[in-house]
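Notes follow the structure.
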Amino acid sequence: MGGSRPQVNKPHKSRFSSKATRQQHKTSLKDRSKVTKNNVAKGARAARLQRNKMIREQKRAAVLQDKRASSGSKNPPRVIVLFGLSASVDLNPLAEDLLSLLAPGSSSSTVASSEYKLRATVLKAPYGDLQSCMEMAKVADLIAFVTSASYYIEGSTSLYIDSFGSECLSLLRSLGLPSTAVFIRDLPTDIKKRNDYKKMCISSITSEFPEDCKFYPADTKDELHKFMWLFKEQRLTVPHWRNQRPYLMSQKVDMVADNCTSGKCTLLLTGYLRARSLSVNQLVHVAGAGDFQLCRIEVLKDPVPLNPRMEQDAMDTHDVEVVQLLEPSEQEPLVVENDPDPLSGEQTWPTEADRAEADRNQREKHLRKRALAHGTSEYQEAWEIGDTDDEDSDVDNESDGMMLDSGYTNEVDDLNNPCLSDDDQASFELINSDHETDMDSVMMDGENLTNEQKMDEIQKIKNAHADDEEFPDEVDTPMDIPARKRFAKYRGLKSFRTSSWDPQESLPQDYARIFEFSNISRTQKHVLAKALELEQGNRDDCVASSSYLRLHVKEVPIGAASKLCELAKSMPITACGLLQHESKMSVLHFSIKMHDVSEEISDNVGTTQNSKKHDKKSHPLKGKEKLVFHVGFRQFVTRPIFSSDNFNSDKHKMERFLHAGRFSIASIYAPISFAPLPLIVLRNVEGISSFAASGSLKCIDPRRIILKKIILSGYPQRVSKLKATVRYMFHNPDDVRWFKPVDVWTKCGRRGRVKEPVGTHGAMKCIFNGVLQQHDTVCMSLYKRVYPKWPEHLFPLLDV
C-alpha cells in the first residue's frame with residue numbers, strides 16, 4: 001500500500017520549549033523548588049488581573065450609583081440656567097417653552113414631569129447684571145447658553161457673543177463650569193440654509209466652550225423635546241468645590257423679628273438641601289450677609305414630588321418634621337476674632353528651662369574655635385576680627401538693619417521730652433503716615449465727587465501705574481524732612497534671598513485678633529475627615545441631602561435681612577454650611593491674575609449702552625483698593641495687598657499694582673477657608689460691578705513675609721576709578737552716617753559701600769567693585785514689612 005514512499009514522522013516540539021523545561025526531568029527533589037518560580041509568577045499575574053478587575057467593577061458600580069442618585073425621585077430638582085450671549089437674545093419664550101414642555105399649565109419655575117421622570121428648576125440670567133449671573137452659575141447643574149443666528153439672516157451689527165457675554169464667559173470659566181449646552185435660536189425654516197447657518201454659528205463660537213459641550217437648535221418644541229430626553233440621561237458634572245460643603249438655594253426668603261435682641265431678626269430660608277448632610281449644630285454662611293448660627297431646622301413636605309402618591313403616604317403621619325437643637329452645648333460657637341491678652345508680651349522671670357538653654361548656648365559658643373596665631377591668649381581671641389562667610393555677612397547686615405530700628409525706638413522715646421521742638425514733632429508725625437510711599441491711600445469716595453474729579457482720580461492712578469512700570473520702587477528723598485526720620489521703618493538687606501527676617505518681629509496689633517495653625521495641612525485633613533464622618537453617620541441632629549427644609553438663621557441684622565428679601569426677587573440667595581474653624585479670621589493668600597479684557601472677542605461691538613458700561617479701558621488695580629472677593633459661596637469686602645511669589649526665598653516683594661499678564665499673590669484678612677476654592681474679584685466703578693481678576697486660594701499663612709521695597713537714587717558728581725562722590729541721594733551728612741551700613745549698587749551692575757559724608761549738603765564718598773561710569777545711577781535698596789488692611793465691613797450687605 002505504501003509503495004516506495006518513505007515514512008515521515010511528526011517533528012518533536014521540544015524546539016519550542018525553553019531550556020529549563022527540557023532539563024526539568026533531570027532536576028533533583030532538593031532543587032525542584034527553584035523550578036516553581038515560573039508558576040509563582042503566573043500566580044502573581046493572575047492576582048494582578050483579578051485586582052484590576054475588582055477596581056473596574058467598583059468604578060462601574062460608583063458611576064451607576066451616581067447616575068441613579070442624580071435621576072432618582074429623591075434627588076433635588078436639576079437647576080437649568082438660561083444665559084443669553086448677547087442683548088438680542090430673548091430668554092422669556094424659551095423658558096416658557098421648557099416649562100410648558102415639562103409641566104403644561106404650571107406657573108412655577110420648579111416643576112416635575114412624570115413623562116420625563118425629571119424635576120427641574122429653570123432660571124433666567126438677567127442680562128447686564130454680573131452679580132446675579134454669577135450667583136446663578138454657582139448653583140447651576142446645567143448652564144444653557146443661548147445665541148441667536150440672526151446676524152447672518154438679517155445682516156445686523158450684533159455678534160453671537162457681545163462684550164457682556166464675553167466677560168461672563170471668562171468669569172464662569174474661572175469659577176468652574178458645570179455641564180454646559182448651547183441653544184441656537186432664530187434659524188431659518190429652509191433646511192439647506194438652516195444647516196449652513198447652524199454650521200457657521202457652531203464654528204464661530206465652539207472655541208469658547210468646553211470640548212464636551214453640545215449644540216442644539218431650539219426653535220420648536222420638537223427640538224426641545226429631543227434635548228430633554230438627552231438631558232434626562234445625561235450624567236451631570238459640577239465643580240469639585242461645590243461637593244465639599246452642604247448648600248441650599250433658597251426658593252423663599254422671609255424674616256421674623258427677634259424680640260430678645262434689638263436690631264436683629266431671624267432669617268427664614270426655604271429650599272432643597274444639596275451636596276451633603278447639614279447639622280443643626282453647624283455654622284452657615286448666608287451669601288453677602290455673613291456667618292451665623294442656626295436655631296432650628298424644619299424638614300417640610302416636598303412641594304413638587306415626582307411621585308405624589310408615594311410622597312403622600314410617607315408624609316401622612318408628620319406633615320412637618322422639626323429637627324430641634326437638643327443640646328446647645330454641642331453647637332459650634334461663632335468665633336470670629338481672637339481675644340488678645342494685653343499682658344502676653346510682658347517680661348517674666350526666667351525659668352529653669354530658659355537657664356538650661358542659655359548654658360547650653362554658652363557651651364556651644366566656647367566649642368567653636370578659629371584658627372589663630374600661635375600664642376594667642378583668650379583675651380586676644382575675644383578681640384580677634386576674622387574673615388566672615390556669606391552667612392555671617394547676612395547676620396551682620398541684619399544687625400545693621402536693626403540699628404535703624406533701635407535708633408527709631410530711641411527717637412520715639414525722645415518724643416516724651418518736653419524740650420523737643422515743634423519742627424521735630426511735626427517731622428515725627430510723618431513717620432507713621434508714610435504719605436509718599438505707603439499704600440494706605442485709596443481712591444476717594446465716589447459718591448461725593450463730580451465726574452471731572454472722578455476722571456482726575458482715575459488718570460492719577462493710571463499715571464502712577466505707568467511710573468511704577470517704568471521706574472519700579474524708586475522714590476525721591478524729601479528735602480524738608482531728614483531721611484533717617486522719613487524712612488525710619490526701613491532697613492537694608494545684604495541679600496534679599498538669603499538674609500534672615502524674623503516673622504514674629506514687630507507684628508501689628510491686628511495680628512492679636514487672628515488665628516494661626518501650627519500645621520494647616522494636618523488640620524485640614526482632620527476637618528475633612530470629620531465632615532465625612534458626619535456625612536456617613538446617621539445622627540439625630542443632621543438632615544440628609546435632597547431634603548426640602550426651612551433654615552432658621554438667628555441674629556441676622558435687620559438691614560441685611562431686608563436687603564436679602566429684596567435680592568431674592570432677582571437672584572437666588574445661597575446658604576452653605578461651614579466646616580470647622582471656617583468662621584475664624586486669619587491671613588489668606590490667593591493666587592490671582594488680572595482679567596485681560598484686551599483678549600475679548602468684542603472688538604466690533606456697536607456703541608450701545610451696555611458696551612459703555614463694560615468699557616475695555618479700565619484703570620489698573622491698586623494695592624489696598626476696595627474690592628469684593630467671591631471665594632466659593634462666600635463673599636468678602638477686602639483691601640488686599642499684592643506681592644510676588646518667590647519659590648527660592650521666604651521673603652516676597654510687594655507690588656504696588658496688580659500687573660496684567662502674570663500671576664501675583666493677594667493677601668487679605670478674611671475668615672478661614674479650606675482649599676480648593678476659586679476666586680472671583682469684582683470691582684465697583686460708578687455703581688456698576690465689573691470683573692477685575694480671578695484666581696484660587698493658595699494657602700493660609702500669617703507668617704508669610706511681604707516686604708515693601710524702595711530705592712533711593714543718587715548721581716555721580718566726581719569719579720576716580722573705583723571711588724566716586726555721589727550727590728542728591730541725601731541732603732544732610734547725618735542721613736549719610738545713618739544709612740552708611742547699607743550697601744549701594746548701580747544700574748550698570750556695580751556694587752559698593754558708603755565710605756563717609758562729604759560737605760554739608762548730603763554728598764557722600766562711595767567705593768565700588770569696578771570702574772564707575774559718569775552717566776550711571778547709584779541706588780540704595782531699603783525694605784520694610786507690610787501687612788494687609790483690616791476690613792471695616794467684612795461682608796457686602798453690612799457695608800451697604
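The values are calculated or read from the model by the stated rules, or taken from the named source; none is laboratory data. Since the structure is predicted, the reported quantities are computational estimates derived from the model, not experimental observations. Note: ideal-geometry Cβ built from the backbone for every residue, glycine included; neighbour counts use all protein chains shown. Ligands, DNA and RNA are stripped out before the accessible areas are found, and what is left, the full protein with its side chains, is counted by its heavy atoms. Shrake-Rupley method; radii C 1.70, N 1.55, O 1.52, S 1.80 Å.
For region 707-785, the residue among W745, V778, V719 whose Cα projects farthest onto the positive side of the dipole built from Cβ charges is W745.
Take the Kirkwood radius over Cα pairs of region 89-168, plug it into Stokes-Einstein at 10 °C and 1.306 mPa s, and you get 109 µm²/s for translational diffusion. Here the label points at K10 and S570, each 7 Å from Cα along the C-beta direction, are separated by 9.0 nm in the simple model.
For F795, the residues whose modelled amide H falls within less than 5 Å of its own, excluding neighbours fewer than 5 places apart on the same chain, are V637. In angstrom, the C-alpha Rg and Dmax of region 483-534 are 19.0, 60.
Could you work out how much longer the chain between L334 and T189 gets when fully extended? Use 0.36 nm per residue separation minus the Cα distance between them, nm to one decimal.
Value of the extension gain: 46.1 nm.
How large a share of the accessible area of region 78-238, in percent, is made up of carbon and sulfur atoms when the probe is 1.4 Å and the other protein chains stay in place? Result for region 78-238: 50 percent of the exposed heavy-atom area is carbon or sulfur.
Evaluated with a Cβ-only charge set (Lys, Arg +1; Asp, Glu -1), region 193-235 carries a dipole of roughly 160 debye about its Cα centre, given to the nearest 20.
How big is the C-alpha Rg of region 707-785 next to the rule-of-thumb value 2.2 N^0.38 Å, as a ratio?
Values: Rg = 11.6 Å, N = 79, 2.2 N^0.38 = 11.6 Å.
That works out to 1.01 for region 707-785.
Using the alpha carbons alone, the radius of gyration of region 753-800 stands to its Kirkwood radius in an Rg to Rh ratio of 1.42.
What's the magnitude of the charge dipole for region 707-785 around its Cα centre, counting Lys and Arg as +1 and Asp and Glu as -1 at the beta-carbon? Answer in Debye, nearest 20. Kindly include the intermediate steps, with their values, before the conclusion.
Values: 16 positive and 5 negative charges, 50 e Å.
Taking the Cα centre of region 707-785 as origin, the dipole is about 240 debye.
Can you compute the label reach from Y715? Point 7 Å from Cα along the Cβ direction, backbone N cut-off under 12 Å, restricted to region 724-763. Taking a point 7 Å out along Cα→Cβ of Y715, the residues of region 724-763 whose backbone N falls under 12 Å are 727-729.
Between R360 and D510, how high is the FRET efficiency from 1/(1 + (r/R0)^6) when r is the Cβ-Cβ distance and R₀ = 51 Å? Nearest 0.05. E between R360 and D510, to the nearest 0.05, is 0.90.
Using only alpha carbons, build the gyration tensor for region 78-238 and give me the equivalent ellipsoid semi-axes, biggest first, whole Å. Let's see the in-between values first.
On the way: eigenvalues 106, 79, 43 Å².
Calculated on Cα positions only, the semi-axes equal 23, 20, 15 Å.
Efficiency by 1/(1 + (r/R0)^6): what FRET value for A544 and V63, r their Cβ-Cβ distance, R0 = 22 Å, to the nearest 0.05? FRET efficiency, A544 to V63: 0.50. The mean accessible area for residues of region 707-785, using a 1.4 Å probe and ignoring ligands and nucleic acids, is 46 Å² per residue.
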